[in-house]
Every structure is written in C-alpha cells, then in structure tokens.
Amino acid sequence: MKKFFLILLAAVTSMTLVSCSDVKNIEEGTKEEPIKIIAAHNQTSSESPYQAGLLKFKEVAEEESGGRIEVEVHAGTIGTEEPELVQKLVVGAADVVLVSPGFMTRTDIPEFDFFALHYLFESYEHWEQVLDGEIGEEFAETVNEKSDNDFKMLGYWSAGARHYYGKKPIEDMSDLNGMTIRTQTSGVVSDFWEQTGAIPTSVSWGELYQALQQNVVDSSENSYPYFVQQNHHTTKNGKYITETAHDYTTRFLLANGNRFDEYPEEIQDILMQAAESSVEAEREAVLAQDEEYKEIAIDAGAEVNQMDTSEMEEVAKPIQDELAEDLDMTETLEKIRSLREEQ
C-alpha cells in the first residue's frame, strides 16, 4: 500500500510539473509582440536636427508604451531621396517619414507646394505662429482627406532659414543672373529662381559636395546645419554665403493614416505624444545649430554677407498669388500675410 501511494504521489507531482510548464509555455506563446515602427529621414549625418527629432520620438514612444512600441530610426539608410521615403510609407516599408513640401507635390496633392513658396514667412516666429495655429490644423486635414488617409500629419518640423551659398557672394539679385543653383527643377521653387535670373539645376543631396567642388553647379541653398555638416562650405563653389533667408522651411512628419488607425487607441495616443515631443526637440536642435554651424563655417574660412532682399521678395509675391489662386488658398495666403504684419 505504501508503495502504491508513493507511485501515485510521483505521478501527481509529474502531472503538476507538466501542467505548470504548459501554462508557462502558453503564456510565453501569447506574449504580445511589440509594435515595430520604422521611422526615417534622408539626412545621413548623425548630428542632423532630424536625427534629434526622431530619437526623441523613439524615446517617448518606447518609454510611454512600456516597451509595447519599438521604434527603429533610419538616418538615410533606407533612402537619401525623399520620393523613396514617400513610396516606402505608402507601401508599408516605413511607418513614419520626414519630407519637404516640394517633393510631396509628386503625390498629386498640389497643396503641399504652398509651403514651398519663397518669402512666405518673415521670420521663424511668423512661421511658427502659422503652422502651430488654425492654418496648420486646416492643412493637416486637407492632406489627410486628399490622400484618402495615406498621409496623416503628425507634426510640423523646421529645417531653419535657407540661404544662398556659392562661388561668389551676391550683393543684389542681378548677381544671380546666369548662375546655376542646385535646387528643385520644377514647381514654385524653380519658378522663383528662374525669375531671379538663376538656372535651377538638379543634383542629388549625396552628390552635391562633389558637384560644388568640381564646378558642376555654381551654387546651392540650404540652412546652416545641413550644408555645413556636409562640408559644402569648404568646397570651391560653396565658400561664399549670403543670408537671403528666402525660405523658413517646413518639413512634414507623416504617418500612413490607414495603418495608424489600426493601432489600439492607447497606442495612437502615445504615438501622437511622441510626435509632439519630437516637434519640440527638432525645432530646438535647429535653432541651436543654426548659430553653431554658422560659426563653424566662418572659422573654416567661409565668408558671410547680408543683402537687401526686397527685390527678391517682390519676385516671390506674384508666384505666391498665382499658386494660392490655383489651389483656392487665396484666403489662407491673406491670413498669413496679415499675421506677418502683426509681427
């Protein structure tokens, strides 16, 4: 009898151990996999303000979700050209991307071109007031509706004030006559530069250093952090910087709205919180780096000058008027101009 009870006890113990093991395996098998977010921009420099913004997005999303969200940040590693990133967003190879207005017009949403207009904003503060207010909200809704939810606006980033840099300084607009300038070669951006007398020329961002060095283009335009980080100011045709401030730039942080809507509401809220934090971090990085990289350029031998931009601003106005009329955004343009007058 004693032997029987020992055998029975051993059997029960064995069944209990198997049962506990099975429960553990079931629990591990049903453990929720983290939601993986691929976030990308086209700048290859780890010092880029874009990188600062997306790293903040990653930090907040992962911390606030307790690990339920995992963000993978790509700095130019899945595309150094913005059309590549947009395509990856649409087909699902990326979840969050950063893009500029001019390139987004290729998505058949011409309204994107509005924020590529030169001399639309008088200052960074003017830009911020417009994008963080009613106009920014209305534009986000327009983008979402016209894209059939392919594009959801997560936030507006800045790329600072863009300036001319080239093989010679410009003292007035006539100095641009006949000069090739690396910029967009279609749309309102190229229209503006053509009206100044310059010749818009297409060169990929990754090849621009060599193009400036080898006299392929006479000049380019961008904000300090971006062209100085790429050492454009050290090239043969990048030494002279004229602070034209022709564009207080807007960058769009976009998600695919259709996939975004599939996430649980709690996850959506966390992603929006992460996006808001990224906006703040990226803008702070831009402002801090603008002065920092200007000094770096000067210390390296670059020459900086200012000019009266009123003639260039006059060139920009009819281009603004025409596009606003074509897009049925004349009222929006007038609102922006009235806010400019209040500055």
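The values are calculated or read from the model by the stated rules, or taken from the named source; none is laboratory data. Note that this is a predicted model, so its numbers are computed, not measured. Glycine gets a Cβ as well: all are built from the backbone with ideal geometry, and neighbour counts include every protein chain shown. Please note that ligands, DNA and RNA were not included when accessible areas were found on the heavy atoms of the full protein model with its side chains. Shrake-Rupley method; radii C 1.70, N 1.55, O 1.52, S 1.80 Å.
How do the pairs read when you match residues in region 193-211 that are within 15 Å of Tyr164 (Cβ to Cβ) with residues anywhere that are of a type in the set (Lys, Arg) and open to solvent by 20 Å² or more (accessible area, probe 1.4 Å), using Cβ under 7 Å and keeping only pairs 6 or more apart or on different chains?
So the pair list comes out as Thr201/Arg182; Leu208/Arg182.
Considering (1) closer than 23 Å to Asp308 by Cβ; (2) in a helix (DSSP H, G or I), say which one Glu221 fails and leave the rest.
(2)
Would you mind telling me which numbered condition in (1) buried (at least 16 other Cβ atoms within 10 Å of the Cβ); (2) at positive phi; (3) not hydroxyl-bearing (Ser, Thr, Tyr) Ile78 fails?
Among (1) buried (at least 16 other Cβ atoms within 10 Å of the Cβ); (2) at positive phi; (3) not hydroxyl-bearing (Ser, Thr, Tyr), Ile78 violates only (2).
Considering only residues that are open to solvent by 70 Å² or more (accessible area, probe 1.4 Å) and assigned to a loop (DSSP other than H, G, I, E, B), look in region 43-65 and name the one that is farthest from Val96 (Cα to Cα).
Only one residue tops the list, namely Glu47.
When you go through (1) over 20 Å from Asp148 (Cα atoms); (2) in contact with a helix residue (DSSP H, G or I) (Cβ under 9 Å, 6 or more places away or on another chain); (3) at pLDDT 90 or above one by one for Trp127, which number turns out not to apply?
Of everything listed in (1) over 20 Å from Asp148 (Cα atoms); (2) in contact with a helix residue (DSSP H, G or I) (Cβ under 9 Å, 6 or more places away or on another chain); (3) at pLDDT 90 or above, Trp127 misses just condition (2).
Test Val279 against the stated conditions and say whether it is within 30 Å of Ile35 (Cβ to Cβ), out of contact with any Asp or Glu (no Cβ under 7 Å at 6 or more places or on another chain) and buried (at least 23 other Cβ atoms within 10 Å of the Cβ).
No, not satisfied.
Between a residue in region 223-241 that is touching a residue at least 12 places away in the same chain (Cβ under 8 Å) and surrounded by fewer than 23 Cβ atoms within 10 Å (Cβ to Cβ) and any residue that is among the aromatic types (Phe, Trp, Tyr) and not in a helix (DSSP H, G or I), which pairs come within a Cβ distance under 8 Å, given they are 6 or more apart or on different chains?
Correct list of pairs: Lys239/Tyr165; Tyr240/Tyr165.
Which residues, taken from region 288-343, are open to solvent by less than 70 Å² (accessible area, probe 1.4 Å) and among the polar types (S, T, N, Q)?
Scanning region 288-343 gives Gln289, Asn305, Thr309, Ser310, Gln320, Thr330, Thr332, Ser338.
Can you name the residue in region 148-172 that is under 18 Å from the mean Cα position of the chain (by Cα) and outside any strand (DSSP E or B) and, of all such residues, is surrounded by the most Cβ atoms within 10 Å (Cβ to Cβ)?
Phe151
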